[in-house]
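Down below is the structure, laid out as structure tokens.
What follows is calculated from the coordinates using simple rules that are stated; it is not laboratory data. Since we're looking at a predicted model, the values are computed, not measured. All Cβ positions, glycine included, derive from the backbone under ideal geometry; neighbour counts span all protein chains shown.
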Amino acid sequence: MKPDFASQFDALALAPRYDIDVTYDAEEQVLNGAASIVLYNTTEDPWRQLVFRLYPALEHYGSGITMQGAAVNGRSTPFDYATGRTVVRLNLAEPLEKGQRAEVRLTWTAAIPRWTDGDAVYALYGTSQQITSLPLFYPSLAVYQPGATLGAGRWWTDTGSIRGDAAFNYASLFVVTATLPAEQVPVTSGTLVSSTLVEGGQARHVWVTGPSREFLLHMSPLFQSAYTETYGTRVTSYWLPQHEAAGRAALTYAVAALRIYSDRFGPYPYRDLRVAPAPINFRGMEYPQAILLGTQLYGRFRENLEVLVAHEVAHQWWYLMVHNDPVNEPWLDEALAEYSMKIYMEELRGQGSVNRLINERWQLPWNLLKGRQADIRVHQPVAEFADGSQYETIIYGKGALFYTELRKQLGDRHFFRFLSHYLEAHRYGIVDTTTWQAELAALQNPAIDALFVEWITAPGVNSFDGAPRQPEN
Ligand SMILES: [Zn+2]
């Protein structure tokens, strides 16, 4: 983290600490990993198991992790898989009581899938177009959600829908050592501490992070890069050789977004921010201190590159710093990241661009949905949406339009005070819709409650008149 923000670690004394060591065997397309994870039971319930997510086994990622061994506090510990091998449960000999510490040692192997190389491929995890993306390549401690009564809590093991994001994690601290083929240019979370050439044409890199939801390992032998220092952060953009102009443009967009959001929401506390292409067609994806953009955004969909950078950089505030369940309450981070694009555009591009953003990206798709009697409630799980188009139009479009209404009613001063207070109060924490509402209620503006119901919790506009819904065809 930047030196001025080191004191933020004080609040993280009980955050999980991962010390991960992985080797990428390029011939076998396998990752061999070992980790020591120090964690505390921060809940009231005793934990009889420790539950880790194996995210690569999700449909989103299309691979898996095979556990080799597990030990807790030096004792070998039996484990089993659950939920389609997206979960591994360590069965403890004695429960971990409230406040107690455990040191977990895990070893595993993970196959790295190879996908086809066309730039239309969407691969969050694995190798395509000579780019290897490895988010969550290690067992990640599940979030424990307390229940209504003592002992009624549960480990969050939802698998979500391929339409939306799936990773839900505590803010954690990472030290990651990765031994990679030396020609690979890594793009990661955190800050690089050292790189050393080792035998067999490999290089060993070490990174450390500030509070992060996960650690991204992403790489290509093709990446070229440039960086700019801004507000004490090094922003680095990577690109494929044929996309240099777009790669340099992405750097200027990311720098601008970082400055605008730091001024408006609250400072970005990390030393690094990285932007890189990935085999995710024309889409973007957020990770801690790193955003990935589909290779098509550097080429055929170049006109969307700027707004996508603006959206994904905003996730450093709304996802990384303030985190929520992305499967059951996706509106919390997505609507705000999407709305943040408007803040970016009005600072940099003027009213014409802002109006185009609102009308073409948000209002028009929503109008079409209403015309098809397919407008539905914003606040609901990803799985409730009929398809990707309805999901994006409602969560991103209608969600962002809600924020434009909210800002109109509150006025700029109160609106930005709400956002900066929301960040300040929940930085490195996990929020839900109730938390969000409580922050809003602190502004004591009764008209806002009606606005929230109308836009976020009420059924879609097509049902307001009580007319029977037309059958869809
Ligand atoms: Zn997003």
So how far apart, in nm, are the two label points at Ser195 and Glu27 if each is 7 Å from Cα heading toward Cβ?
-> 2.4
Residue-by-residue Karplus 3J(HN,Hα) for the range 248-254, coefficients 6.51, -1.76, 1.60, Hz, glycine and proline x | 6, 5, 4, 5, 5, 5, 5
What are the ³J(HN,Hα) values, in whole Hz, obtained from phi via the Karplus relation 6.51 cos²θ - 1.76 cosθ + 1.60 with θ = phi - 60°, for each residue of the range 302-315 in sequence order, with x given for Gly and Pro?
-> 3, 5, 9, 4, 5, 5, 5, 4, 4, 5, 5, 5, 4, 5
Label-point separation, Thr66 to Leu443 (7 Å along Cα→Cβ), nm | 5.4
Read phi for every residue in the range 267-273 and hand back ³J(HN,Hα) as whole Hz from Karplus 6.51 cos²θ - 1.76 cosθ + 1.60, θ = phi - 60°, with x for Gly and Pro.
-> x, 8, x, 8, 6, 10, 9
Would you compute, from DSSP H runs of 4+ residues alone, the mean residue ellipticity of the chain at 222 nm, taking -39500 (n - 2.57) per run and dividing by the full residue count, rounded to the nearest 500?
-> -7000 deg cm²/dmol
Each label sits 7 Å from Cα toward the beta-carbon; between Glu44 and Ser389 the label points are separated, in nm, by 4.8
Working out 0.36 nm times the residue gap between Asn73 and Leu368, then minus their Cα-Cα distance, what length gain in nm do you get to one decimal?
-> 100.5 nm
Compute the Cα gyration tensor for the range 361-401, then decide on rounded, prolate or oblate, letting a ≥ b ≥ c be the square roots of its eigenvalues: rounded whenever a/c is under 1.5, prolate when a/b is larger than b/c in the other cases, and oblate in all that remain.
-> oblate
Relative intensity, log₁₀ I(q)/I(0), of the range 331-463 from a Debye sum that treats every alpha carbon as a point, q = 0.19, 0.22 Å⁻¹ | -1.18, -1.46
Taking neighbour Cβ counts within 10 Å as the exposure measure, how do His311, His421 sort from fewest upward?
-> His421, His311
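Multiply the residue separation of Asp4 and Glu454 by 0.36 nm, subtract the distance between their alpha-carbon atoms, and state the gained length in nm to one decimal.
157.8 nm
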Bridge orientation stat for the chain from DSSP, antiparallel percent rounded to 5, came to 80
Assuming a ≥ b ≥ c are the square roots of the Cα gyration tensor eigenvalues, decide whether the range 202-306 counts as rounded (a/c under 1.5), prolate (otherwise, with a/b larger than b/c) or oblate.
-> oblate
Exposure proxy check on Lys370, Lys342: fewest-to-most Cβ neighbours within 10 Å is Lys370, Lys342
Suppose every K and R has +1 on its Cβ and every D and E has -1 on its Cβ; what is the size of the dipole of the chain about the Cα centre, in Debye to the nearest 20?
-> 340
By its C-alpha gyration tensor, with a ≥ b ≥ c as the square roots of the eigenvalues, how is the range 248-339 shaped: rounded for a/c under 1.5, else prolate for a/b larger than b/c, else oblate?
-> oblate
Cα-based Rg then Dmax for the chain, in Å, read 22.1, 72
Estimate the FRET efficiency between Arg248 and Trp115 by the formula 1/(1 + (r/R0)^6), using the beta-carbon distance for r and 22 Å for R0, to the nearest 0.05.
-> 0.20
May I ask you to order 111-120, 326-335 by the average number of other C-beta atoms within 10 Å around their residues, highest value first?
-> 326-335, 111-120
Quote to one decimal, in nm, the extra length available between Leu348 and Ala11 on full extension: 0.36 nm per residue of separation minus the C-alpha distance between them.
-> 117.8 nm
